[in-house]
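Structure record follows, encoded as structure tokens.
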Amino acid sequence: MKFSRLVEYLEQLENTSKRLEMFEILSSLFKETSKEEIDKVIYLLQEHILPSFEGVELGIAEKTVEKSISRVTAHSESETHKLYSKLGDLGLVAEQLIHKKSSLFKSKELQITDIYQQLLKIAEMSGGGSVDKKIAALSGILSNSSGKEARYIIRFVLGSLRLGIGDPTIMDSLSKSLTGERELRVEIERAYNLCSDLGYVAKRLWEKGAKVLKEFKVEVGKPIRMALAERLPSFSEIIKKIGKCAVETKYDGLRLQIHKDHDKVEIFSRNLERMTHMFPDIVNGIKKQLNAKTAILEGEALAFNEETSEFYPFQVTITRKRKHGIEEMAKDFPLVLFAFDLLYKDGKDMTPEGYEKRASELRKIIKKGNVIRESERIITDSAEKVEKFFEEQIERGAEGIIAKRLNAEYRAGGRNFNWIKLKRSYKGELQDTIDVVLIGYFKGRGMRAKFGIGAVLGAVYDKKSDTFKSIAKIGSGLSEEKWVEIRRLLDKSKSEKKPARIVSLIVPDVWSVPKYVFTVRADEITKSPLHTAGTSGKEGEVGLALRFPRIQNWIREDKKPEDSTSVKEVEDMFKVQRKVKAVNFGK
């Protein structure tokens, strides 16, 4: 397929504000895409050159892009920067300046594979002189592109395509392009959950047809999308729901998935980014303590005080997530990995096995040592014993507990009542935090006017409709400097109109494509006719909102927009809150 044809589709996607239209456009695009191109098109739509777990990034800064545009268009860097200041989008700058090029330099027809391979080469450039090489390589791509092609090439390079396409919409569209319906969606999602590479799934699907979806299995080196837990409000309801169960400590750390292939160890984060280089202490611990040739396990890593047997707060643990000074921090705050699940061992996929079998096999392969330890747990059918264990863990600085059904298989990418979490005691107000994705901001008034931002609009994810529904207008919790930084980030992903996957009756001054997730604390969840969480999005419906929300922490880099708190979770938390209030009122 010619790259210009892909650009036509990208322009259609950019111009729609309706998810169903986006679905139809993508379905048509995929029908035209060959088996040699389908994986590359998927990666480009996801704004990756390869799946995120490969750890391959283009690494091109705005200044590098400006220099490339200037070189190709014979404009000075100051002229290019001046136009950028005016338009606020280097993609539009490239389009405008390249469009003005003399017709003597007519661009040749670019193919999708050509563009992709050249971008991949740029991503692989490193070491001394790599910046100059990247400028030259990007200039070479732009010199053969039209104005519109340049617009989308630059936006992709800078991670600012702003199309707002989610993986669920891509999966639906892949199914429709093959069958005319969404009938393959469940099987496509299962395959994706097992390998976390949607481009790879699509390529296999295009090469061998729908039958290949049943062949997907767990593989060492390809991270598995992590299982998630539901919520219940009390110890008695947990036992009533799943009966005799394992009750594990819910650690307040970094959830990691470890892949061991003989002497090679890879570590992936909650959102499946490669983090091996950040945790050399865990890598060494796995090599010394894990008695298996090949294995995939999950655990929670956190800084741990050996003297007091207390867990350091998350603010200490998160300092280990860094690009520089890794060895020094590893000495100052060594991590302990509390392993809680085994997904693969020596050629055997453990995910279909029940929890008890997986936990038993995990215990067998962990040797004694200081780095890798079993997650603490009890097995009981007594609500009183669950409560006692819960209080002990809270006293030590843990978040709470997770109860696990004993015979449940590991459901990759799934959230269900096989796992149930319970955090610190509910008291009628909202004690749990909510992860919201920012979808826009309001320009400041009064003292905030000089910063250009006064509040942000937050949303939660509705998995059923693959949309983001508003839940809060947030104006507190950060320093003045951080508010300015948020505005700068949201401006980079701003949209002239409401993005297709946002459902909101409230209209901010500036819309933003869902990208950044923040943790928010609030007094309680309330009903609201203004917000759309828990509704279809039509006026007159009563949704759910956060009362007195404030931002708790900076960007959750370990979470994608789709990993923000779901609408269903908010609805469940609201039910829990009402139950607790009713009990307290009765007292």
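Considering region 52-90 alone, what residues qualify as being over 18 Å from ILE135 (Cα atoms) and free of Cβ contacts under 8 Å to residues at least 24 places away in the same chain? Result: LYS82, LEU83, SER85, LYS86, LEU87.
Can you say whether LEU58 is surrounded by 15 or more Cβ atoms within 10 Å (Cβ to Cβ), part of a helix (DSSP H, G or I) and of a type in the set (A, V, I, L, M), as far as the supplied structure shows? Spelling it out, it is not the case that LEU58 is surrounded by 15 or more Cβ atoms within 10 Å (Cβ to Cβ), part of a helix (DSSP H, G or I) and of a type in the set (A, V, I, L, M).
Rundown of residues vs (1) within 21 Å of LYS368 (Cα to Cα); (2) without any contact (Cβ under 8 Å) to a residue 24 or more places away in the chain, yes/no style:
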position: GLY253; (1), (2): no, no
position: LYS264; (1), (2): yes, yes
position: SER269; (1), (2): no, no
position: ARG274; (1), (2): no, no
position: LYS287; (1), (2): yes, no
position: ASN291; (1), (2): yes, no
position: ALA295; (1), (2): yes, no
position: GLU310; (1), (2): yes, no
position: THR319; (1), (2): no, yes
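The set of residues from region 47-102 being modelled with pLDDT of 90 or more and of a type in the set (Ser, Thr, Tyr) comprises THR64, SER68, SER70, THR73, SER76, SER78, THR80, TYR84, SER85. Can you work out which of the residues in region 249-287 that are aliphatic (A, V, I, L, M) and not in a helix (DSSP H, G or I) is farthest from LYS321 (Cα to Cα)? Ranking the candidates gives VAL265 first.
Pull up region 1-26, narrow it to residues that are assigned to a helix (DSSP H, G or I) and under 12 Å from PRO499 (Cβ atoms), then point me to the one that is modelled with the lowest pLDDT. Out of the qualifying residues, it is ARG19. Across region 309-332, which residue is surrounded by the most Cβ atoms within 10 Å (Cβ to Cβ) among those that are farther than 16 Å from TYR251 by Cα and more than 26 Å from the chain's Cα centre (by Cα)? Per the criteria, the residue is ASP332.
Yes or no, residue by residue, for (1) under 23 Å from TYR251 (Cβ atoms); (2) surrounded by fewer than 20 Cβ atoms within 10 Å (Cβ to Cβ):
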position	(1), (2)
ILE394	yes, yes
ASN416	yes, yes
GLY440	no, no
LYS450	no, yes
ASP466	no, no
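When region 121-142 is filtered for residues that are assigned to a helix (DSSP H, G or I) and aliphatic (A, V, I, L, M), the ones remaining, listed by number, are ILE122, ALA123, VAL131, ILE135, ALA136, ALA137, LEU138, ILE141, LEU142. Checking the stated criteria, GLU37 turns out to be acidic (Asp, Glu), crowded, with 18+ Cβ neighbours inside 10 Å and not assigned by TED's automatic domain parsing to the domain that holds GLU562.
The residues of region 380-410 that are modelled with pLDDT under 95, within 25 Å of ALA301 (Cβ to Cβ) and among the charged types (D, E, K, R), listed by number, are GLU391, GLU392, GLU395, ARG396, GLU399. For ALA383, the requirement of being surrounded by 17 or more Cβ atoms within 10 Å (Cβ to Cβ) and either touching a Ser or Thr at 6+ places or on another chain (Cβ under 7 Å) or not acidic (Asp, Glu) (or both) is not met. If I filter region 159-167 for residues that are in a helix (DSSP H, G or I) and either within 19 Å of the chain's Cα centre (by Cα) or at pLDDT below 95 (or both), do I get at least one hit? Scanning region 159-167, I find at least one residue that is in a helix (DSSP H, G or I) and either within 19 Å of the chain's Cα centre (by Cα) or at pLDDT below 95 (or both), so the answer is yes.
Taken over region 356-365, the criterion of being buried (at least 22 other Cβ atoms within 10 Å of the Cβ) and not basic (Lys, Arg) is satisfied by ALA359, LEU362.
Within region 95-113, is there a residue that is under 24 Å from ARG488 (Cα atoms) and over 28 Å from the mean Cα position of the chain (by Cα)? Checked region 95-113: at least one residue is under 24 Å from ARG488 (Cα atoms) and over 28 Å from the mean Cα position of the chain (by Cα). Return yes when THR64 is more than 30 Å from PHE23 (Cα to Cα), within 32 Å of the chain's Cα centre (by Cα), assigned to a helix (DSSP H, G or I) and of a type in the set (S, T, N, Q) and no when it is not. For THR64, the condition - more than 30 Å from PHE23 (Cα to Cα), within 32 Å of the chain's Cα centre (by Cα), assigned to a helix (DSSP H, G or I) and of a type in the set (S, T, N, Q) - is met. Annotation: of all residues in region 546-571 being touching a Ser or Thr at 6+ places or on another chain (Cβ under 8 Å) and either modelled with pLDDT of 95 or more or basic (Lys, Arg) (or both), the one that is surrounded by the fewest Cβ atoms within 10 Å (Cβ to Cβ) is ARG547.
Of all positions in region 475-492, none carries a residue that is part of a strand (DSSP E or B) and either in contact with a strand residue (DSSP E or B) (Cβ under 9 Å, 6 or more places away or on another chain) or crowded, with 18+ Cβ neighbours inside 10 Å (or both). Comparison of ILE188, ILE153 shows that the only residue that is out of contact with any Lys or Arg (no Cβ under 8 Å at 6 or more places or on another chain), closer than 21 Å to LYS222 by Cα and crowded, with 22+ Cβ neighbours inside 10 Å is ILE188.
Residue-level analysis places LYS203 among those that are over 30 Å from SER17 (Cβ atoms), crowded, with 19+ Cβ neighbours inside 10 Å, outside the structural domain of ASP563 (by TED's automatic domain parsing) and of a type in the set (D, E, K, R). Each residue in region 143-158 was checked for being outside any helix (DSSP H, G or I) and either among the small types (Gly, Ala, Ser) or touching a residue at least 40 places away in the same chain (Cβ under 8 Å) (or both), and 3 pass. I'd like to check something: does region 534-542 contain any residue that is at pLDDT 85 or above, at negative phi and β-branched (Val, Ile, Thr)? Yes: one or more hits.
A single member of GLU356, GLU361, GLU387 is in a helix (DSSP H, G or I) and in contact with a helix residue (DSSP H, G or I) (Cβ under 6 Å, 6 or more places away or on another chain), and it is GLU387. Here ALA246 passes the criteria (1) surrounded by fewer than 20 Cβ atoms within 10 Å (Cβ to Cβ); (2) outside any loop (DSSP other than H, G, I, E, B) except the one numbered (1). The criterion of being under 24 Å from LEU489 (Cα atoms) and either surrounded by fewer than 20 Cβ atoms within 10 Å (Cβ to Cβ) or among the aromatic types (Phe, Trp, Tyr) (or both) holds for LEU92. Condition check for LEU213 on (1) under 30 Å from TYR516 (Cα atoms); (2) in a helix (DSSP H, G or I); (3) aliphatic (A, V, I, L, M); (4) in contact with an Asp or Glu (Cβ under 9 Å, 6 or more places away or on another chain): one failure, at (1).
The values are calculated or read from the model by the stated rules, or taken from the named source; none is laboratory data. For clarity, every value in this text was computed on a predicted model and none was experimentally measured. So basically every Cβ, Gly included, is an ideal-geometry build from the backbone, and we count neighbours across all protein chains shown.
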